[in-house]
């Protein structure tokens, strides 16, 4: 005796199309989320690198300035040999982009400046050497000094940096930082 099965095993075409559509939607949403997470991670890493570079630059400058003396005041920022002339760093409205001071122990004159998107350092007349990452563009570097005879000299540094793909929305990272350095001993 042969028994006929009325229903065949398997899925109908309509059931397959619905399952495939739902699966496709889930995959597309998951892939989109994965791409967004990867973009966010890339941006976070870039921002952290920018922050680390600014922090290193400010720490390097601060360490030397803190133990120095004869800060950039009046005409001490002028350097005729390079044709560079900077106004007084005591002018809070403008500040200066070139800062000089004398190291207390060695007597060397140290210069810091912003040049072509990089912070550069020079000892005496040895020539300027960049101290920032070439992949980062320093857009602003300003030094201000206050204090003087009878009170500790104080230097405030403002720095702004940008990095990343500026042509892609969300691809750039910009950061501004400020630090204040007080001289370890008062000028008398």
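In this structure, is residue 121 modelled with pLDDT of 85 or more and outside any loop (DSSP other than H, G, I, E, B)? Spell out the reasoning first.
Values: modelled with pLDDT of 85 or more: yes; outside any loop (DSSP other than H, G, I, E, B): yes.
When the stated conditions are applied, residue 121 passes them.
Can you find a residue that is buried (at least 16 other Cβ atoms within 10 Å of the Cβ), over 29 Å from residue 127 (Cβ atoms) and at pLDDT below 90 anywhere in the range 2-23?
For the range 2-23, residues buried (at least 16 other Cβ atoms within 10 Å of the Cβ), over 29 Å from residue 127 (Cβ atoms) and at pLDDT below 90: absent.
Of all residues in the range 104-124, which are closer than 19 Å to residue 51 by Cα and either buried (at least 18 other Cβ atoms within 10 Å of the Cβ) or more than 24 Å from the chain's Cα centre (by Cα) (or both)?
Answer for the range 104-124, where residues must be closer than 19 Å to residue 51 by Cα and either buried (at least 18 other Cβ atoms within 10 Å of the Cβ) or more than 24 Å from the chain's Cα centre (by Cα) (or both): 114, 118, 119, 120.
Taking the stated definitions as given, is residue 127 surrounded by fewer than 12 Cβ atoms within 10 Å (Cβ to Cβ), out of contact with any helix residue (DSSP H, G or I) (no Cβ under 7 Å at 6 or more places or on another chain), under 15 Å from residue 69 (Cβ atoms) and at pLDDT 80 or above?
On the way: surrounded by fewer than 12 Cβ atoms within 10 Å (Cβ to Cβ): yes; out of contact with any helix residue (DSSP H, G or I) (no Cβ under 7 Å at 6 or more places or on another chain): yes; under 15 Å from residue 69 (Cβ atoms): no; at pLDDT 80 or above: yes.
Here the answer is no, as residue 127 does not meet what is asked.
Return the residues of the range 136-165 that are at pLDDT below 80 and outside any strand (DSSP E or B); say none if nothing qualifies.
150, 165
Going by the structure shown, is residue 89 in contact with a helix residue (DSSP H, G or I) (Cβ under 8 Å, 6 or more places away or on another chain), buried (at least 16 other Cβ atoms within 10 Å of the Cβ), modelled with pLDDT under 80 and in a loop (DSSP other than H, G, I, E, B)? Talk me through it step by step, then tell me what you get.
Values: in contact with a helix residue (DSSP H, G or I) (Cβ under 8 Å, 6 or more places away or on another chain): yes; buried (at least 16 other Cβ atoms within 10 Å of the Cβ): yes; modelled with pLDDT under 80: yes; in a loop (DSSP other than H, G, I, E, B): yes.
Taking the combined requirement at face value, the residue satisfies it.
The values are calculated or read from the model by the stated rules, or taken from the named source; none is laboratory data. Small disclaimer: the values here were computed from a predicted structure and weren't measured. Heads up, the Cβs are rebuilt from the backbone with ideal geometry, glycines too, and the neighbour counts pull from every protein chain shown.
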